[in-house]
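The numbers here are math on the coordinates, done by the rules we state, and not lab data. Predicted model, so just to flag it, every value in this text is computed and none were measured. Here Cβ is always computed from backbone atoms with ideal geometry, including for glycine, and neighbour counts include all displayed protein chains.
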Amino acid sequence: MKISKVVLFALLALAGFSAQARSADKVYTLQDAYQSALGTNESVKIAEEGLSQSDSRVDQAWTYLYPRLVGRSSYTRYNESLPPEGGPVIFQPLTQFQAALVLTQPLYTGGRTLAALRTAKELREASNADLASTKQEILLGAAQAYYGVIKAQKLVEISRSSLERMERHKKVTEREASTRRTKSNVSALLRATTLVSQAQINLVRAEDGLKVARERLNLVTRLPVEAILGEPASLAQPKDTLEQMQATALLSRPDYAGAQLSRKVAEENVTIVRGSHYPQLSAEAGLQYQSSSPETAFDGTIYYGAIRLLVPIFEGGLMKAETAEARSKVRQSELATALLQRSIETDVHEAYINLQTLSSVLETAKLQRGYAKDNFDAVEGLYSEGLLSSLSLIDAEQALLQAEQGLLNASYDQQLAILRLRKSIGTLGLES
């Protein structure tokens, strides 16, 4: 029986260890980084709270269209009744209690109530656009951090390969120096030893860069620092023309949609300002109860209804001044929208040109890396046969290292350029 318990405990421990190992070996994708960043980033939560507040403002705007029911009550005690000796009519008792219910319904407010409701709805849409814009910023930041880790990992591999090549070169020079100890061979050995040390330094720096990149990814996405990342699928370049992408940006960019909504809000504000100076019409109905001691002629319960009209007659030019300010804000928002439109078109143009440039650089880098690899293989073979000097091998190694680093940078820079172009268009994260 004891043996069975020990075996059961061992099996459970093994199962737990296996589950932990599987969890540790989980491969995170770029989509995982996106979802984690959107779910944990404070900027997104701040924008979501802004959207929640805008929903509340819409609810507040609706309340000004509804009737209002107000209850009032009071208890008053006086120092004496009037007239002092009493009389046929007492108009100030010693104590008095009053209670009332008053129902008020606005009938005409100069259009400002409905304008305020439309403004609240437009501000809610603007908050939604701000949330979408914030999410796209977070997605781009998460992608940059994710690609930064992938790129740093590849740089470590390149640096390690360079170190291995230099160590092979050092072994050859050691063999040559031990066979023929000439000044030239000793110098070549010292040079090879120096290059091995430099390759080791490059590897250490690459590994440090990987650690920094992982910390940055953790900061942006909250993924584990030692998370295993999958290689993202290669992104295809957009097939639309520059003019088509600029037109799409004006339809898709949330910040441009927000600017247009701000212009509508400024226009509605003109109606609100003017409406506050127009006649105000409301209906009122009430129930009032009064009890006094001693009793007065006004005690009892009364019901009443009324139509109230408030007409501004002279305000010293306040309406004209406030309306002029509101119209100036409309013109200001129109100018800001036009400026943003040109800025968006320029952003798309710059992102498009940058992508074209990096795509050309990538093609050239691929050819350069192929030439450098073929050259190094040939030079290494000739050097091992004693047909070339160590300087030729060192030059070939440096050319190969630079070509590999150039290809690595061009590859991931081109992918990030595609993402930046999508963000400039306003479609980042909206791809099917």
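Here are a few things to note about the model shown:
- Positive dipole terminus of the chain, leading residue within VAL149, PRO279, SER384 (C-beta point charges): SER384
- P(r) weight above 15 Å for region 340-432, C-alpha pairs, percent: 67
- Set LYS151/LYS423; LYS135/LYS366; LYS170/LYS211; LYS154/LYS366; LYS264/LYS320; LYS239/LYS366 screened for pairs whose C-alpha atoms are more than 26 Å apart: LYS135/LYS366; LYS170/LYS211
- Taking a ≥ b ≥ c as the square roots of the eigenvalues of the Cα gyration tensor, region 223-307 is classed as oblate, since a/c reaches at least 1.5 and a/b does not exceed b/c.
- Nearest-ten-degree value, helix 183-221 long axis tilted from longest Cα axis of the chain: 20
- Cleavage-rule hits (trypsin sites (Lys or Arg not before Pro)) in region 113-202: DSSP loop, at most 12 neighbouring Cβ within 10 angstrom: ARG180, ARG181
- In nm, spacing of pseudo-spin labels at ARG308 and TYR78 (7 Å Cα→C-beta vector): 2.6
- A prolate overall shape is assigned to region 164-217, the ratio a/c of its alpha-carbon gyration tensor axes (a ≥ b ≥ c) being 1.5 or greater and a/b exceeding b/c.
- Efficiency of FRET from Cβ geometry, VAL27 and GLU243, R₀ 60 Å, rounded to 0.05: 0.90
- The magnitude of the dipole of the chain, with charges of +1 and -1 set on the Cβ of Lys/Arg and Asp/Glu and taken from the Cα centre, is near 1060 debye.
- Principal-axis tilt of helix 318-384 within the chain, Cα atoms, nearest 10 degrees: 10
- Whole-Hz Karplus values for region 25-32 come out as 8, 4, 9, 8, 9, 5, 5, 4 Hz, taken residue by residue from phi with 6.51 cos²θ - 1.76 cosθ + 1.60 and θ = phi - 60°; glycine and proline positions read x.
- With each label modelled as a point 7 angstrom along the Cα→C-beta vector, the THR194-ALA236 pair spans 5.2 nm.
- Principal-axis tilt of helix 2-24 within the chain, Cα atoms, nearest 10 degrees: 90
- Computed from the Cα positions only, the extents of region 255-356 along the three principal axes stand at 94, 33, 20 Å, in decreasing order.
- Potential lengthening between GLU85 and ALA99 on full extension [0.36 nm per residue; Cα-Cα distance subtracted]: 2.3 nm
- Compactness ratio for the chain: Cα radius of gyration over 2.2 N^0.38 Å (N = residue count) comes to 1.78.
- When the charge dipole of the chain is built from unit charges on Cβ atoms (+1 for Lys and Arg, -1 for Asp and Glu) and taken about the Cα centre, the candidate among LEU428, LEU400, LEU117 whose Cα reaches farthest toward its positive end is LEU400.
- Dipole of region 140-293 computed with +1 at Lys/Arg Cβ and -1 at Asp/Glu Cβ about the Cα centre; of SER292, THR182, LEU235, farthest Cα towards the positive end is THR182.
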